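The values are calculated or read from the model by the stated rules, or taken from the named source; none is laboratory data. The structure displayed is predicted, hence computed values, not measured ones. A quick note on method: Cβ atoms are made from the backbone with ideal geometry, for glycine too, and the neighbour counts reach across all protein chains shown. Heads up: the accessible areas ignore ligands, DNA and RNA and are worked out on the full protein's heavy atoms, side chains in. Shrake-Rupley method; radii C 1.70, N 1.55, O 1.52, S 1.80 Å.
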Amino acid sequence: MKDISKTAAKPNTNSSSMTKLTKAMSTFELTSKQQQFQQYQQQLEQQQQQLIIQQQQLEQLTAELAALRNNRPQPTWSVRFNSTRLKNFLAKIHGSSKYQPRFPLKQIVFSYIGSFIGIAALAYISVSTHYPLIAAPFGAAAVLLFAAPDSPLAQPRNCIVGNFLGGLVSLIMVHLFGSEPWVMALAVATAIKVMQLTKTLHPPGGAVALVGVMSRAEWSFLFTPVLAGSIVLVFCTFVFNNLMPGRTYPKHWL
C-alpha cells in the first residue's frame, strides 16, 4: 500500500513542477515583451522628437526664404512710382544750370567778334589750300579758345603744338598705311596718346589727325592750314581777350 501511495504522489509532484516551469516561462516572456515594448516606445519617442526638430528647422527655413523673397531687388523692367525719386530727378534737371559757367556780356560780345574774324580768316586759308574739312577742328578750337580761354587745354602751347602733332601723326599714317577707315581710328588714337605724353592735349588736335587722313594730306598740310591756322586763332584770342578789362590771355605760353 505504501508503494502504491508513493507511486501516486509522484505524478502530482511532476505536474506542480511543470506548472511552476510554465509560470516561469510565461513570466520571462512577459518581462521580455515588456522590455521590447519599452524599447519600441523609447524609439518612437526619439523619432517624434526628431520629427519635431525637423519641423522646427523646416519652419525656420521657410521664414528665411520668405524674408529673402521680400528683400530681393525688383527687376529693372518693373516700374514703381516713387515721388521722392521723381522730385530728386526733376531737381537735378531744373538745377543743372547752376553748375554751368556764366559769361559776362562783355566776354560774350568780344568772343563773338573774335571768333567771327578768326574763323573767317581760317576759312579763306582752308579754301585756298584745298583742305576745306580743316574748318571743322578749327571751329571746335575757336569755341574752346574764345569761350573758355582760362582752360589749360586752350593755352597757346596746347593749341599750336597739339594741332601740329595731330597733323604730323596724320601725315605719317597716310604715308605708311593709306587712308582706310582703320587708319583714321589709328591716327586719332595715336594723336591723343602723343598729346598726352607731350602735355599738349588739345581736343581739336584729334580732329586735325582725322581730317588729315580723310583728305590724304600732303606735307604742306602741316604748315598751311594747320600751323598757320592755329597761330591765327591764338593771335585773335590774345588780342580780343586782352582788350577786355580784367582779363588776360594766355595763362602761360609754354
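Worth a mention:
- When exposed loop sites are taken as trypsin sites (Lys or Arg not before Pro) in a DSSP loop with at most 13 other Cβ atoms within 10 Å, the longest stretch of the chain clear of them is 103-198.
- Structural descriptor for the chain: relative contact order 21 percent, calculated from alpha carbon pairs under 8 angstrom and at least 6 residues apart.
- For the chain, modelled as a GNM whose springs connect Cα atoms under 10 angstrom apart, the maximal fluctuation among Leu201, Leu44, Leu153 occurs at Leu44.
- Note, ³J(HN,Hα) from phi for the stretch 39-45, Karplus 6.51, -1.76, 1.60, rounded to Hz, x at Gly and Pro: 4, 4, 5, 5, 4, 5, 5
- About its Cα centre, the dipole of the chain is roughly 1020 debye, where the only charges are +1 on Lys and Arg Cβ and -1 on Asp and Glu Cβ.
- Reported to the nearest whole Å, the Cα centre-to-centre distance from the stretch 123-163 to the stretch 224-247 is 10.
- Coarse-grained scattering of the chain at q = 0.11, 0.12, 0.15 Å⁻¹, given as base-10 log I(q)/I(0) from a Debye sum over alpha-carbon atoms: -0.79, -0.85, -1.04
- The count of lysine pairs in the chain that are at least 8 places apart or cross chains, and whose C-alpha atoms lie under 29 Å apart, stands at 14.
- Accessible surface of Met184 - all protein chains present, 1.4 Å probe, nearest 10 Å²: 50 Å²
- Using alpha-carbon coordinates, inclination of helix 83-94 to the longest axis of the chain, degrees: 10 degrees
- Placing unit charges on each Cβ (+1 for Lys and Arg, -1 for Asp and Glu) gives the chain a dipole about its Cα centre, and among Ser151, Phe240, Leu122 the Cα reaching farthest toward its positive end belongs to Ser151.
- With θ taken as phi - 60° and the Karplus curve 6.51 cos²θ - 1.76 cosθ + 1.60 applied, the whole-hertz 3J(HN,Hα) list for the stretch 165-172 is 5, x, x, 5, 4, 5, 5, 5 Hz, x standing for glycine and proline.
- Amide hydrogen proximity for Ala148: with H placed 1.01 Å from N in the peptide plane, no residue at 5 or more positions away or on another chain lies under 5 Å.
- Set of the stretch 221-254 residues, backbone N closer than 11 Å to the point 7 Å along the Cα-Cβ line of Lys106: 242-248
- Unit charges at the beta carbon, dipole of the chain: most positive-side option, Tyr112, Gln41, Gly139: Gln41
- Cβ-based charge dipole, the chain, positive-most Cα from Ala228, Met18, Pro101: Met18
- Of Thr19, Thr62, Thr237, the one that fluctuates the most in a GNM where the chain has Cα springs shorter than 10 Å: Thr19
- Helical content alone sets the calculated 222 nm signal of the chain at -25000 deg cm²/dmol, taking -39,500 (n - 2.57) per DSSP H segment of four or more residues and averaging over every residue.
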